[in-house]
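Read the structure below first, then the notes.
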Amino acid sequence: MPVLRRDDRHIVCSQKEAMIRSLGLLALAGALVVPAVYSLTRQDPQEKAVLTLMSDPYRLDKIYRSMEGPWSIQGGIHLGMAEKSRVQWVTGLETEVLDAAGQKPTSQEFFCHSNLTFAERSGSPAKYNQEMGGKTHLD
């Protein structure tokens, strides 16, 4: 049986550590790739809820400062699927500026941003912030 010198033992240990590190990185890569591949290849749920909201017309005849433009609150909105669940995921939001007379798309440069705020008891954003300790609502 050959006797390893001290330098040889160091090389063997370094190679073993490198192999363990490589296997660990490979396992981590596999753990990240598997969910990604699953999410790309799984079937979408058959039933998706789509809700279209139309606000009252706004008069856009001047330039508004940020957060000072026209706004509205719409109550009585229900996001519901056939199956009752405590959790509802909103997976997309599309906003479009329409001409008030013809309901046809018009220049989007009149639109800066939108806020979508859900309040179970039709409360204000300030009331919602207070109920949640100010940690979940960022308006």
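How much FRET efficiency would the formula 1/(1 + (r/R0)^6) give for Thr91 and Lys127, where r is the Cβ-Cβ distance and R0 is 30 Å, rounded to 0.05?
0.65
How large is ³J(HN,Hα) for each residue in the range 20-25, as worked out from phi by the Karplus curve 6.51 cos²θ - 1.76 cosθ + 1.60 (θ = phi - 60°), to whole Hz, x for Gly and Pro?
Whole-Hz 3J(HN,Hα) from phi for the range 20-25: 5, 4, 4, 5, x, 5.
We did not get these values from a lab; they are worked out from the coordinates using the rules stated. Given the structure is predicted, the values throughout are model-derived calculations rather than measurements. No Cβ is skipped: glycine too gets one built from the backbone with ideal geometry, and neighbour counts run over all protein chains shown.
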